[in-house]
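Before I ask anything, let me first share the structure, which is written out below as structure tokens.
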Amino acid sequence: MTWVLGKVLRSALIPLALLLSGCTGMRVIDNQVNSFAPQAVAPGSSYQFERLPSQMANPVHQARLEKLAELALGKVGLRRQNNAPLSVQVTAVQRQENTVNQGGVGIGWGLGWVFGSGAISVGSRGGRFPWVETQTSYWRQVSLMIRNASGAVLFESHASHDGIWSDSDAVLAAMLDAALQGFPTPPAGVRRVNIEIPR
């Protein structure tokens, strides 16, 4: 009987061990994506970035976001070029929520800001009150819009993700890849797109 029980436990633990070992190297950024493509974008088209006045107020952070978008757009065959016929507008918004648990009681609050304004470390426990635990989560949304020379929208896509990862650049890069999945003719309607990235 003991031998049988041991065999059953080993059989149950092996898949769990494999699952845990697989999770150590990669993480899944699960996105809710909604895309629209009223007109086709020709493969190999060139584009330039267009900035809103609010984005011009913080050019360093916007440049970082555009660099991430440039990498994602390159994967779908678009290339950045000065005085290009297409324009791309990219935005990112992040909201942070801290939840404090004291003996099972949770208190939460939120703070919103535009990409690049800051981050707080995930989770803390200890100090004078070891029973108090703080968990930080981040809700992010990226948006991409491609217009032609006359200003007509050719492609629009939004991706949102809610998770515990504080490294904005890595997560936003994955979200931009998700937003462009299926380009230039993405599926209609809201869909889930999972992107794996290193931990």
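The values are calculated or read from the model by the stated rules, or taken from the named source; none is laboratory data. Bear in mind that the values here come from a model prediction, so they are computed numbers and not experimental data. Positions of Cβ are generated from backbone atoms using ideal geometry, with glycine treated the same way; all protein chains shown enter the neighbour counts. Please note that ligands, DNA and RNA were not included when accessible areas were found on the heavy atoms of the full protein model with its side chains. Shrake-Rupley method; radii C 1.70, N 1.55, O 1.52, S 1.80 Å.
Determine the gain in length on full extension of the stretch H61-R199; use 0.36 nm per residue of separation and subtract their C-alpha separation, reporting nm with one decimal.
Full-extension gain reported as 47.4 nm.
Related question: Determine, from the Cβ-Cβ distance of L71 and E97 and an R0 of 45 Å, the FRET efficiency 1/(1 + (r/R0)^6), rounded to the nearest 0.05.
0.95
Read phi for every residue in region 150-163 and hand back ³J(HN,Hα) as whole Hz from Karplus 6.51 cos²θ - 1.76 cosθ + 1.60, θ = phi - 60°, with x for Gly and Pro.
Each residue of region 150-163 in turn: 8, x, 6, 7, 9, 8, 9, 8, 10, 10, 10, 8, 10, x Hz.
Could you order peptides 139-146, 79-86 by the average number of other Cβ atoms within 10 Å of their residues, highest first?
139-146, 79-86
Along region 93-99, what does the Karplus equation 6.51 cos²θ - 1.76 cosθ + 1.60 (θ = phi - 60°) give for ³J(HN,Hα), rounded to whole Hz, x for Gly and Pro?
10, 10, 10, 10, 10, 9, 10
Considering only protein heavy atoms, what is the solvent-accessible area of E50 at a probe of 1.4 Å, reported in Å² to the nearest 10?
Its heavy atoms expose roughly 70 Å² to the probe.
Shifting gears a bit: Would you please give the residues with an amide H less than 5 Å from that of R27, counting only those at least 5 places away or on a separate chain, with H modeled from the backbone geometry?
I197, R199
Right, next: Once you keep just the Cα pairs under 8 angstrom separated by 6 or more residues, what percentage relative contact order results for region 36-103?
It rounds to 47 percent for region 36-103.
Please list, in order along region 135-144, the HN-Hα scalar couplings obtained from phi with the Karplus expression 6.51 cos²θ - 1.76 cosθ + 1.60 (θ = phi - 60°), rounded to whole Hz, x for Gly and Pro.
10, 9, 10, 10, 9, 10, 9, 10, 9, 10
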